[in-house]
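Worksheet for the structure shown next.
The values are calculated or read from the model by the stated rules, or taken from the named source; none is laboratory data. Predicted model, so just to flag it, every value in this text is computed and none were measured. Note: ideal-geometry Cβ built from the backbone for every residue, glycine included; neighbour counts use all protein chains shown. Surface areas here come from the heavy atoms of the whole protein model, side chains and all, with no ligands, DNA or RNA. Shrake-Rupley method; radii C 1.70, N 1.55, O 1.52, S 1.80 Å.
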Amino acid sequence: MALTKLQKQKIIEDLKEKIAKQKSVIFTDFTGLKVNDLSGLRKKLKTVDSELKVAKKTLMGIAFKKAKIEIAIKKLPGEVALIFGYKDELRPAKIVYQFAQANPNLKILAGFFENKFKEPKEVITLAELPTREELLSRLSWSIQAPISSFVYSLQYNLKGLISVLAKAKT
């Protein structure tokens, strides 16, 4: 069933609003993906304040043009779905990348991060980066390790001194 002009206009306005408030957009090809799998991906994305949106390429192109973003969506192969990240730029990319690893029918086509168009390899590289929490954890461990070693060596020297004093006393 064909969409009416009013329905198309609503879709364009909806996409335009989402584009305006996004921090990142990932373009994926979901050709051959089962509806249950797509629903599962939507649920995972919702947990990190992200959203998957499917629309016709022409409507997506018009919405991006209205948002003053030049992206050649018609050149992207297959059925295109947009994944909008609203709070965290990289978290949706990580979820989509992990999902694509488990479901080969989902392909990452491109991305839009920091007002720049990214190729699929760049999106995958960003998805493989550790999260902010992981980086902070690594930093705290690297700060803690020398201090722990220093405390341990001081403790070992004190134990040695105590054992020498104990032997000298007898």
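How much accessible surface does Asp14 have with a 1.4 Å probe, in Å² rounded to 10?
40
Give me the tail of P(r) for segment 15-86 as a percent: Cα-Cα pairs with distance above 16 Å.
Details: 1203 of 2556 pairs.
More than 16 Å apart: 47 percent of the Cα pairs in segment 15-86.
Ser153 to Asp88: extension gain in nm, 0.36 nm per residue of separation minus the Cα-Cα distance? Could you put the intermediate results ahead of the total?
Values: separation 65, 0.36 × 65 = 23.40 nm, distance 4.22 nm.
Length gained, Ser153 through Asp88: 19.2 nm.
Which of Val151, Val96, Val25 ends up with the largest GNM mean-square fluctuation for the chain, with Cα atoms connected below 10 Å?
Ranking Val151, Val96, Val25 by mean-square fluctuation puts Val151 first.
Ordering Leu45, Leu6, Leu90 by how much accessible area each has at a 1.4 Å probe, largest first, what is the list?
If we order Leu45, Leu6, Leu90 from most to least accessible, we get Leu6, Leu90, Leu45.
By how many degrees, between 0 and 90 and to the nearest 10, does the Cα long axis of helix 5-21 differ from the longest principal axis of the chain?
20
Quick check: residue separation of Lys121 and Lys44 times 0.36 nm, minus the Cα distance between them. What number comes out in nm?
Here the answer is 25.5 nm.
For a quick check of your reading of the filter: which GluC sites (Glu not before Pro) in segment 20-102 sit in a DSSP loop and have no more than 11 other Cβ atoms within 10 Å?
Those satisfying the criteria are Glu70.
Hey, in the GNM for the chain with a 10 angstrom Cα cutoff, which one of Ser24, Ser140, Ser153 fluctuates hardest?
Comparing Ser24, Ser140, Ser153 in the GNM, the peak value goes to Ser153.
When the Cα centres of segment 31-57 and segment 108-132 are compared, how far apart do they sit, in Å?
The two parts, judged by their Cα centres, are 18 Å apart.
Give me the percent of accessible area attributable to carbon and sulfur for segment 64-153, probe 1.4 angstrom.
Of the solvent-accessible surface of segment 64-153, carbon and sulfur hold 58 percent.
Tally Lys/Arg at +1 and Asp/Glu at -1 over every other residue whose Cβ is under 14 Å from the Cβ of Leu6; what's the total?
Charge balance in the 14 Å sphere: +1.
Given the options Tyr152, Tyr86, Tyr97, which has the most mean-square fluctuation in a GNM of the chain, springs set between C-alpha atoms less than 10 angstrom apart?
Answer for the Gaussian network model of the chain: Tyr152.
Which one, Tyr97, Leu129, Leu158, projects farthest toward the positive side of the charge dipole computed for the chain from Cβ point charges (K/R +1, D/E -1)?
Selected residue: Tyr97.
Round to the nearest 10 and give me the degree value, 0 to 90, for the angle of helix 91-102's Cα axis relative to the longest principal axis of the chain.
80
Mind checking the log10 I(q)/I(0) for segment 38-138 at q = 0.13, 0.15, 0.17 Å⁻¹? Debye, one equal scatterer per Cα, no solvent, two decimals.
-0.47, -0.63, -0.81
With an 8 Å Cα cut-off and a minimum separation of 6 or more residues, compute the relative contact order for the chain in percent.
Numbers: 197 pairs, mean separation 44.8, N = 170.
Relative contact order for the chain comes out at 26 percent.
Extent of the chain along each principal axis, from alpha carbon coordinates, in Å, largest to smallest?
Its Cα atoms span 100, 33, 25 Å along the three principal axes.
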